[in-house]
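Peer 1: After the structure tokens below, expect a handful of questions from me.
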Amino acid sequence: MKSIKIFSLLLCTAFYVNAQTTLSIAPEFQKTYQKETRNTDGKPGKNYWQNTSKYDLNVDFNPISRLLKGKVQVTYTNNSPDTLKQIWFKLYPNLYKKGTPRKSKLAESDLGDGVAIEKLATNGKSITDFKIDGTNMTVNVPAVVPGKTVSFSIDYSYTLNKGSHIRTGQIDEGSHFVAYFFPRIAVYDDVDGWNKFPYTGAEEFYNDFDQFNASITVPGGYGVWATGDLKNPSEVFQKDIVSRMLSAEKNDAVIDVITDKDLADKKVTQPNAFNTFKFEAKNVTDFVFALSDHYLWKSSSLVVDPKTKRRTRVDAVFNPKHKDYYEVIDFARKTVEAMSYTFPKWPFPYNHETIFDGLDQMEYPMMVNDNPVDNRTDAITLTDHEIFHTMFPFYMGINETKYGWMDEGWATIGEWLISPMIDSTIVDEYGVQPTASSSGGKDDTPIMTLTPDLKGLGSFTNSYPKPGLAYLFVKDYLGDELFTKALHTYIKNWNGKHPMPYDFFNSMNEGSGKNLNWFWKAWFFFEDGVTDMAIKAVDKTSSGYTITIENKSVKPLPIDLSLTYEDGSIENNHNTIGVWEKGDTQVKINIKTSKKLSKVVMGNPHTPDKVKSDNSFSLN
């Protein structure tokens, strides 16, 4: 089929003018402009700041008892203009502590005592002036004035959950994914001050960009994979394993680093009672690790930056029983390639990416915890979705706790676009129908609704498909080249920092050279959420036909028409959201043709039209 040319568009019934569209700005963001920590052009202001920490993590993990004993040394730098007399920490494992408020359902048998703080010292002095409230811990400290540091030394322990797996926990008798395992300092930013939101198991995370040095001790026979670079491979893995890993870092071919034979011969790790794996990660928002004594390891690498020839190693580490995982290394490699060269067309920012066979569908810096699935399509869409999170929220330090749409929406459009690049038969409609059916309903609220306030189906649609569709529609409207320019403006402005919603809107406006507020307002701010269009009329004209489309809400949607002629031929007609730019409720599309039209059908897999009964018009 071929697309036909639109010869003219007649617009009518305008209810506002683009040039007059402004976005309502909450007081906390207005203050950032006044203080010049952020600019209305989307860039960080001249007074922008963010705090940072250096962590030394020493962990002893017993995979049989699941007891994790840790020592944390952390130095926190106060770059803010404020004097801090109290430091907030996050104790994420306390989600599993008895009595902790939570939104996620946990089995009673999985609840325990939470994190035990055995020793806590500030600037070398032991203190007991701290308070634990669920997943938050506050520590009173001598005043930390702007530009100064405070150091903490913490001895702690907790038992990793075996069941009720929420992003972390035991996978099977010899495999564990260990995330959020250390007391970490919360974000103190220029918008809200301390991030005081508790972790409930539902909303996700908000972390500063920190430096990590980690030493992880496990019994012999267990391999460990983690955020960051393994600094002592020869001390923990046997010679052949190290050789294959180093070879994979230099080659495009997929290499079996750990094979069935290696496992059977017990020739994976060094033959010690315990091995200590040492990792280093710089300027990342979190650190996680995973371990197994019976997983295979496939690895490959590719050039992600043609200018510097920098390569990224991609790993798939998995249970040999899970047959879908044998192809995951290919899906992961193709995802990293697509991200680097096609969308978002930005060199993959980290040295490696590990897809670990777990019990969840969750992203972490340089790692993902992906459960096995039943079919190839699900394996592809899951793999590329989670890897796409590398850009959002990790390369861009997004506050997922408040604005889940700022990262999940991007992973959703990434999945929609990259999945067909891996397998051209895939038409990924993830979340589109739920968006359509729930639009205008009780759980449908503006995308700008804070994530903790979302309810019911809105917790999904507001974070995933609704923003994903918005990004997709803007991409269609601007065209690939201009959209990439706008998106790169946002990435350049805010990678390694903490962008907020208006920083995104303003960066995209500046980068595209277009005021897109008419679209941002309609899609992200208006409460009238219904998404519905209808074919109102099809009229014969001297040159062809005029098709009248009605938009029953304020949300701009693209128009895709399939035109069937009496001779059996079918042509497609596409109009971007630009036809609604002036706020019209109806648009007339003039089609020039000498053929006789018999039927018009409106729709697209990525158009969330709620009522489809008025999307078809027959002329016979």
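The values are calculated or read from the model by the stated rules, or taken from the named source; none is laboratory data. Quick caveat, the model's predicted, so the values are computed rather than measured. Quick reminder, even Gly has a Cβ in these numbers, built from the backbone with ideal geometry, and neighbours come from all protein chains shown. All accessible areas refer to the heavy atoms of the entire protein, side chains included, with ligands and DNA or RNA removed. Shrake-Rupley method; radii C 1.70, N 1.55, O 1.52, S 1.80 Å.
Peer 1: Working only within the stretch 283-332, note down all residues that are assigned to a strand (DSSP E or B) and of a type in the set (D, E, K, R).
Peer 2: We begin by selecting, within the stretch 283-332, every residue assigned to a strand (DSSP E or B); these are 283-284, 289-292, 296-305, 310-318.
If the condition is that a residue be assigned to a strand (DSSP E or B) and of a type in the set (D, E, K, R), then 298, 305, 310, 311, 313, 315 are the ones that fit.
Peer 1: Moving on to the next point. Looking at the stretch 100-178, what strands (runs of 3 or more DSSP E) fall wholly within it and have at least 1 residues that are surrounded by fewer than 20 Cβ atoms within 10 Å (Cβ to Cβ) and touching a residue at least 24 places away in the same chain (Cβ under 8 Å)?
Peer 2: Result: 116-122, 130-133, 136-144, 149-159, 169-172.
Peer 1: Can you go through 81, 93, 63 and tell me which one is assigned to a loop (DSSP other than H, G, I, E, B) and surrounded by 15 or more Cβ atoms within 10 Å (Cβ to Cβ)?
Peer 2: Details: 81 fails: surrounded by 15 or more Cβ atoms within 10 Å (Cβ to Cβ); 93 fails: assigned to a loop (DSSP other than H, G, I, E, B).
Just a single option satisfies the conditions, and that option is 63.
Peer 1: Being of a type in the set (Ser, Thr, Tyr) and in contact with a strand residue (DSSP E or B) (Cβ under 6 Å, 6 or more places away or on another chain) is the filter; apply it to the stretch 29-53 and report the residue that is surrounded by the fewest Cβ atoms within 10 Å (Cβ to Cβ).
Peer 2: Of the residues in the stretch 29-53, the ones of a type in the set (Ser, Thr, Tyr) are 32-33, 37, 40, 48, 52-53.
Within this subset, residues satisfying the condition of being in contact with a strand residue (DSSP E or B) (Cβ under 6 Å, 6 or more places away or on another chain) are 32, 52-53.
Values: 32: 23, 52: 16, 53: 20.
Ranking the qualifying residues of the stretch 29-53, first place goes to 52.
Peer 1: A further question on this structure: Here is a list: 290, 316. Which entry is hydrophobic (A, V, I, L, M, F, W, C) and either open to solvent by 20 Å² or more (accessible area, probe 1.4 Å) or in contact with a Lys or Arg (Cβ under 9 Å, 6 or more places away or on another chain) (or both)? Walk me through how you get there before you give the answer.
Peer 2: Values: 290 fails: either open to solvent by 20 Å² or more (accessible area, probe 1.4 Å) or in contact with a Lys or Arg (Cβ under 9 Å, 6 or more places away or on another chain) (or both).
Criteria check complete, one pass: 316.
Peer 1: Within the set of pairs 6 or more residues apart or between chains, which connect a residue that is under 11 Å from residue 56 (Cβ atoms) and touching a residue at least 12 places away in the same chain (Cβ under 8 Å) inside the stretch 70-91 to a residue that is assigned to a strand (DSSP E or B) and small (Gly, Ala, Ser) with Cβ atoms less than 6 Å apart?
Peer 2: Listed pairs, sorted by first residue: 73/153; 74/53; 75/151.
Peer 1: Answer with yes or no whether residue 191 is in a loop (DSSP other than H, G, I, E, B) and more than 23 Å from residue 227 (Cα to Cα). Full working, then the answer.
Peer 2: Details: in a loop (DSSP other than H, G, I, E, B): yes; more than 23 Å from residue 227 (Cα to Cα): yes.
Judged against the criteria, residue 191 is a match.
Peer 1: Does the stretch 408-424 include one or more residues that are under 20 Å from residue 334 (Cβ atoms), over 11 Å from the mean Cα position of the chain (by Cα) and without any contact (Cβ under 8 Å) to a residue 12 or more places away in the chain?
Peer 2: Taking every residue of the stretch 408-424 in turn, at least one turns out to be under 20 Å from residue 334 (Cβ atoms), over 11 Å from the mean Cα position of the chain (by Cα) and without any contact (Cβ under 8 Å) to a residue 12 or more places away in the chain.
Peer 1: Would you point out which residue out of 444, 360, 384 is more than 22 Å from residue 466 (Cβ to Cβ) and of a type in the set (Asp, Glu)?
Peer 2: Step by step, each of 444, 360, 384 is checked, and only 360 is more than 22 Å from residue 466 (Cβ to Cβ) and of a type in the set (Asp, Glu).
Peer 1: Identify, by number, the condition in (1) in contact with a strand residue (DSSP E or B) (Cβ under 7 Å, 6 or more places away or on another chain); (2) charged (D, E, K, R); (3) at pLDDT 95 or above that residue 133 doesn't meet.
Peer 2: For residue 133, the failing item is (1).
Peer 1: Out of curiosity, is residue 391 in a helix (DSSP H, G or I), closer than 17 Å to residue 187 by Cβ and aliphatic (A, V, I, L, M)?
Peer 2: Numbers: in a helix (DSSP H, G or I): yes; closer than 17 Å to residue 187 by Cβ: no; aliphatic (A, V, I, L, M): yes.
No.
Peer 1: Here is a follow-up. Look through the stretch 1-25, keep the residues that are surrounded by 13 or more Cβ atoms within 10 Å (Cβ to Cβ) and farther than 30 Å from residue 543 by Cα, and return whichever of them is modelled with the lowest pLDDT.
Peer 2: Among those residues, the one meeting the criterion is 16.
Peer 1: Could you tell me whether any residue of the stretch 439-448 is in a helix (DSSP H, G or I), modelled with pLDDT of 95 or more and open to solvent by 10 Å² or more (accessible area, probe 1.4 Å)? Give the steps one after another, and end with the answer.
Peer 2: Step one: list which residues in the stretch 439-448 are in a helix (DSSP H, G or I), which gives none.
No, that holds for no residue.
Peer 1: If residue 386 satisfies all but one of (1) crowded, with 24+ Cβ neighbours inside 10 Å; (2) part of a helix (DSSP H, G or I); (3) in contact (Cβ under 8 Å) with a residue 40 or more places away in the chain, what's the number of the condition it fails?
Peer 2: For residue 386, the failing item is (3).
Peer 1: Further question on the same structure: What pairs come out if I take residues in the stretch 499-528 that are at positive phi and pair them with residues that are open to solvent by less than 10 Å² (accessible area, probe 1.4 Å) and modelled with pLDDT of 95 or more whose C-beta lies under 9 Å away, six or more apart or interchain?
Peer 2: 513/486
Peer 1: Moving on. Just checking, does the stretch 183-190 include any residue being open to solvent by 20 Å² or more (accessible area, probe 1.4 Å), at pLDDT 95 or above, over 28 Å from residue 370 (Cα atoms) and acidic (Asp, Glu)? Before the answer, list the steps.
Peer 2: Taking the stretch 183-190 and keeping what is open to solvent by 20 Å² or more (accessible area, probe 1.4 Å), we get 188, 190.
Going one step further and asking which of them are at pLDDT 95 or above, we end up with 188, 190.
Filter again for over 28 Å from residue 370 (Cα atoms), leaving 188, 190.
Next, from what is left, pick out any that are acidic (Asp, Glu): 190.
There is at least one residue in the stretch 183-190 that is open to solvent by 20 Å² or more (accessible area, probe 1.4 Å), at pLDDT 95 or above, over 28 Å from residue 370 (Cα atoms) and acidic (Asp, Glu).
Peer 1: Does any residue in the stretch 352-377 that is closer than 10 Å to residue 324 by Cα come within less than 7 Å, Cβ to Cβ, of a residue that is buried (at least 19 other Cβ atoms within 10 Å of the Cβ) and aromatic (Phe, Trp, Tyr) six or more places away or on a different chain, and which pairs are these?
Peer 2: Between residues of the stretch 352-377 that are closer than 10 Å to residue 324 by Cα and residues that are buried (at least 19 other Cβ atoms within 10 Å of the Cβ) and aromatic (Phe, Trp, Tyr), the close pairs are 372/325.
Peer 1: Here is a follow-up. What number of residues within the stretch 195-254 satisfy the criterion of being under 29 Å from residue 52 (Cα atoms) and of a type in the set (Lys, Arg)?
Peer 2: Looking only at that region, the number is 2.
Peer 1: Cβ-Cβ under 6 Å, sequence separation 6+ or interchain: first residue in the stretch 313-327 and touching a residue at least 24 places away in the same chain (Cβ under 8 Å) and closer than 15 Å to residue 386 by Cβ, partner hydroxyl-bearing (Ser, Thr, Tyr) and in a helix (DSSP H, G or I). Which pairs?
Peer 2: Listed by first residue and then by second, the contacts come to 318/325.
Peer 1: Given the conditions (1) within 17 Å of residue 228 (Cβ to Cβ); (2) in a loop (DSSP other than H, G, I, E, B), and given that residue 343 satisfies all but one, which numbered condition is not satisfied?
Peer 2: With (1) within 17 Å of residue 228 (Cβ to Cβ); (2) in a loop (DSSP other than H, G, I, E, B) applied to residue 343, the lone miss is (1).
Peer 1: Can you name the condition, by its number, that residue 304 falls short on among (1) crowded, with 16+ Cβ neighbours inside 10 Å; (2) over 26 Å from the mean Cα position of the chain (by Cα)?
Peer 2: Evaluating residue 304 over (1) crowded, with 16+ Cβ neighbours inside 10 Å; (2) over 26 Å from the mean Cα position of the chain (by Cα) leaves (2) as the failure.
Peer 1: Let me ask another. Looking at the stretch 253-276 only, could you name the residues that are surrounded by 12 or more Cβ atoms within 10 Å (Cβ to Cβ), over 20 Å from residue 218 (Cα atoms) and among the charged types (D, E, K, R)?
Peer 2: The answer is 256, and nothing else.
Peer 1: State all residues of the stretch 348-366 that are assigned to a loop (DSSP other than H, G, I, E, B) and either farther than 11 Å from residue 391 by Cβ or of a type in the set (S, T, N, Q) (or both); if no residue qualifies, say none.
Peer 2: Let us first name the residues in the stretch 348-366 that are assigned to a loop (DSSP other than H, G, I, E, B), namely 348-351, 358-360, 365-366.
Residues satisfying the conditions are 351, 358, 359, 360, 365, 366.
Peer 1: In the stretch 611-620, how many are more than 37 Å from the chain's Cα centre (by Cα) and either surrounded by 16 or more Cβ atoms within 10 Å (Cβ to Cβ) or within 14 Å of residue 562 (Cα to Cα) (or both)?
Peer 2: Final tally of qualifying residues: 3.
Peer 1: Moving to a separate point now. So, in the stretch 583-610, of the ones that are small (Gly, Ala, Ser) and open to solvent by less than 30 Å² (accessible area, probe 1.4 Å), which residue ends up farthest from residue 551 (Cα to Cα)? If you could, list the steps in order and put the result at the bottom.
Peer 2: Restricting attention to the stretch 583-610, the residues satisfying the condition of being small (Gly, Ala, Ser) are 583, 594, 598, 603.
Subset that is open to solvent by less than 30 Å² (accessible area, probe 1.4 Å): 583, 598.
Values: 583: 10, 598: 23 Å.
Result: 598.
Peer 1: Can you find, within the stretch 449-472, the residue that is most open to solvent (accessible area, probe 1.4 Å) among those that are part of a loop (DSSP other than H, G, I, E, B) and out of contact with any Leu (no Cβ under 9 Å at 6 or more places or on another chain)?
Peer 2: 455
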